[in-house]
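*Asks:* Dropping the structure in here first, questions after.
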Amino acid sequence: MADGSGGEEPADKIVENPLVDVAAYLFLEDIADTQGAAGMNNYLISLANSLARSMPEEEYPDWDSFARSLASGNSILSAFEKVKVTGGHAAVTEVCPFRRGYREYIQRVGEFAKIHYEVAEYYNAQVQPSAIDTQCIIHQTFRQAACSRIKVGGKALRFAHLACINYEGKIKQPPDAWLPILLEKAGISMTEMNMLLRSNSAIWILYQDSGAAAPAKP
Amino acid sequence: MLDVALVALISDMSEQAGVQGIIQYWERVGAQLAKRMGKEAYMGWPSYNVALRERRTAFSIDGDVTALTDLAITDEDGDVVGYIYALKDCVFTNTTLRIRNTVGSLPSADQEVAEEYSTTVRNTAVCNFCVIHQKFWEEAAKNITVADRQLEALPLAQRGFQGQTKIAEAPLKRIGVNPEYIRSLLRNYACVYALVMKGSKGEETGDKEAAEKPKAAKRGG
């Protein structure tokens, strides 16, 4: 089938239907109408946490086997997006998994509702300054919650968001004071981060509290 | 990702708002989607069917929709007042497959919502998402005119992910089509609906005469 319907395709080739995508956005907007930006923000966080909780936990004997699972799409972290590991502890998402739904929305419904940006501003002020719109809130919360379900070498996996770029090219990166610390943790330079943002939608960091269990893979 | 997340949340929603609450939520979403997509006007059925084929109409959001042009619906004068349309795949199939690959089985609330909707609203739901889909059709049709006449959408038949089927007898009587013929369509399609000019084939509810004495002779089968 042309659009990946019917269940004959590999899992990573199955794409959701436009109606489902757009309806999901409108459902979230309906939540905002009744509960405001704060309520929608809480709902999105709950949604992402709930999704991660509903997926099986993972454990890997070492960092290499985790990185292989991540790259091959077998990890919970790469269930919805193609992920590449670069620069030691930086992971990049090539195409945002929300892009298709977003494009369907702007094509069929019109301009993305302002509430999606207003809720992101609320999140940036209340949680952490890392979201461009509501999709980022779901995405980043999901990654955080998913990491808490993964153990590598018996130790918990940790997540930190570094930077992202939206469909229109708007970049969100951490405050200047945080940037050097996060870049060091990721194992990439500022220039490398900007280079990665040219062809990827998000850069994030996977690490463990004790560095011994997570050797850098250039 | 968002589709899978929402389905994963259905169980929580069911606990908090009940299955009736989910139905109300989904109906609002379907109505809102149709409203946001705006109004359309076509000179006649050929231009509407071309728009559908070229994915320009609101109904094109369903994906691959086939206009079954051999099943034109006519009034007593023989004028075409509607057509039957069919979807090869349910719009929810891919989400169900993605859930199976990432989370596991669908939450039981999925079928609970479908059963409640089939009992209390119309007997046409095979999954919880039919609620959004059919409300969307209902409201989107109201926003479309063909030859200056508003349309009405009639869900006719559905085949669920596990093969379960629903055939809506009353609307089939209204448009004079044999249910067995529609059942045979489900071998090749997952979802069948009709678009008719409003008022041309009786009303959806309360028009028992239209349901019991269809003007057109039964076709198909």
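The values are calculated or read from the model by the stated rules, or taken from the named source; none is laboratory data. Small disclaimer: the values here were computed from a predicted structure and weren't measured. Note: ideal-geometry Cβ built from the backbone for every residue, glycine included; neighbour counts use all protein chains shown. Quick note on the areas: whole protein, heavy atoms, side chains included, nothing else; ligands and nucleic acids left out. Shrake-Rupley method; radii C 1.70, N 1.55, O 1.52, S 1.80 Å.
*Asks:* Can you tell me which residues in segment A:72-120 are open to solvent by 60 Å² or more (accessible area, probe 1.4 Å), under 24 Å from A:Ile188 (Cβ atoms) and outside any strand (DSSP E or B)?
*Replies:* The answer is A:Ser72, A:Lys82, A:Glu94, A:Val95, A:Arg99.
*Asks:* Which members of segment B:72-88 meet the condition of being open to solvent by 10 Å² or more (accessible area, probe 1.4 Å), part of a strand (DSSP E or B) and in contact (Cβ under 8 Å) with a residue 40 or more places away in the chain?
*Replies:* B:Thr74, B:Tyr83
*Asks:* Residue check: is B:Ala147 open to solvent by 10 Å² or more (accessible area, probe 1.4 Å), at positive phi and more than 12 Å from every other protein chain (Cβ to nearest Cβ)?
*Replies:* When the stated conditions are applied, B:Ala147 passes them.
*Asks:* Let me ask something else about it. Only residues that are acidic (Asp, Glu) and more than 14 Å from chain B (Cβ to nearest Cβ): list them for segment A:62-92, please.
*Replies:* Matches in segment A:62-92: A:Asp62, A:Asp64.
*Asks:* I'm checking my understanding of the structure. Among residues of segment A:110-120 that are without any contact (Cβ under 8 Å) to a residue 24 or more places away in the chain and among the charged types (D, E, K, R), which one is farthest from B:Lys39 (Cα to Cα)?
*Replies:* Looking at the filtered set, the residue picked out is A:Lys114.
*Asks:* Looking only at residues in segment A:3-31 that are more than 7 Å from chain B (Cβ to nearest Cβ) and open to solvent by 10 Å² or more (accessible area, probe 1.4 Å), which one is modelled with the highest pLDDT?
*Replies:* Residue satisfying both the conditions and the ranking: A:Glu29.
*Asks:* Does B:Phe136 satisfy being outside any helix (DSSP H, G or I), of a type in the set (Phe, Trp, Tyr) and either open to solvent by 30 Å² or more (accessible area, probe 1.4 Å) or modelled with pLDDT of 90 or more (or both)?
*Replies:* So B:Phe136 fails the test.
*Asks:* Here's something else I'd like to know. For B:Ile99, all conditions in the list (1) within 13 Å of another protein chain (Cβ to nearest Cβ); (2) part of a loop (DSSP other than H, G, I, E, B); (3) open to solvent by less than 40 Å² (accessible area, probe 1.4 Å) hold save one; what is the number of the exception?
*Replies:* Exception for B:Ile99: condition (2).
*Asks:* Now, a different point. Looking only at segment B:1-25, which residues are within 19 Å of the chain's Cα centre (by Cα) and open to solvent by 10 Å² or more (accessible area, probe 1.4 Å)?
*Replies:* B:Gln24, B:Tyr25
*Asks:* Still on this model: Residue check: is B:Glu112 in contact with a Pro (Cβ under 7 Å, 6 or more places away or on another chain), among the acidic types (Asp, Glu) and surrounded by fewer than 20 Cβ atoms within 10 Å (Cβ to Cβ)?
*Replies:* Against the criterion (in contact with a Pro (Cβ under 7 Å, 6 or more places away or on another chain), among the acidic types (Asp, Glu) and surrounded by fewer than 20 Cβ atoms within 10 Å (Cβ to Cβ)), B:Glu112 does not qualify.
*Asks:* Quick one: is B:Val91 within 14 Å of chain A (Cβ to nearest Cβ) and in contact (Cβ under 8 Å) with a residue 12 or more places away in the chain?
*Replies:* On the way: within 14 Å of chain A (Cβ to nearest Cβ): yes; in contact (Cβ under 8 Å) with a residue 12 or more places away in the chain: yes.
The answer is yes for B:Val91.
*Asks:* Which numbered condition trips up B:Asp64, out of (1) out of contact with any Gly (no Cβ under 9 Å at 6 or more places or on another chain); (2) touching a residue at least 60 places away in the same chain (Cβ under 8 Å); (3) within 14 Å of chain A (Cβ to nearest Cβ); (4) surrounded by 14 or more Cβ atoms within 10 Å (Cβ to Cβ)?
*Replies:* It is condition (2) that B:Asp64 fails.
*Asks:* Between residues in segment B:1-16 that are at the interface with chain A (Cβ under 7 Å from one of its Cβ atoms) and residues that are buried (at least 22 other Cβ atoms within 10 Å of the Cβ) and β-branched (Val, Ile, Thr), which pairs lie under 6 Å by C-beta distance while being six or more apart or on different chains?
*Replies:* B:Asp3/A:Val20; B:Asp3/B:Thr95
So that you can scan it fast, the table gives a plain yes or no per residue for (1) modelled with pLDDT of 95 or more; (2) in contact with a Gly (Cβ under 8 Å, 6 or more places away or on another chain); (3) of a type in the set (Phe, Trp, Tyr):
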{"site": "B:Asp77", "(1), (2), (3)": "no, no, no"}
{"site": "B:Gly82", "(1), (2), (3)": "yes, no, no"}
{"site": "B:Phe92", "(1), (2), (3)": "no, no, yes"}
{"site": "B:Val103", "(1), (2), (3)": "no, no, no"}
{"site": "B:Ser108", "(1), (2), (3)": "no, no, no"}
{"site": "B:Asn123", "(1), (2), (3)": "no, no, no"}
{"site": "B:Ile144", "(1), (2), (3)": "yes, no, no"}
{"site": "B:Pro155", "(1), (2), (3)": "yes, no, no"}
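*Asks:* Looking at segment B:124-137, is at least one residue within 11 Å of another protein chain (Cβ to nearest Cβ), of a type outside the set (Ser, Thr, Tyr), over 22 Å from B:Gly18 (Cα atoms) and in contact with a strand residue (DSSP E or B) (Cβ under 7 Å, 6 or more places away or on another chain)?
*Replies:* Taking segment B:124-137 as the starting set, the residues that turn out to be within 11 Å of another protein chain (Cβ to nearest Cβ) are B:129, B:131-133, B:135-137.
Retained after the next criterion (residues that are of a type outside the set (Ser, Thr, Tyr)): B:129, B:131-133, B:135-137.
In the following step, the residues that additionally are over 22 Å from B:Gly18 (Cα atoms) were identified as B:137.
From what is left, the residues that are in contact with a strand residue (DSSP E or B) (Cβ under 7 Å, 6 or more places away or on another chain) are B:137.
Yes, segment B:124-137 has at least one match.
*Asks:* Okay, next question. How many residues are out of contact with any helix residue (DSSP H, G or I) (no Cβ under 8 Å at 6 or more places or on another chain) and open to solvent by 20 Å² or more (accessible area, probe 1.4 Å) if we restrict to segment B:165-180?
*Replies:* 2
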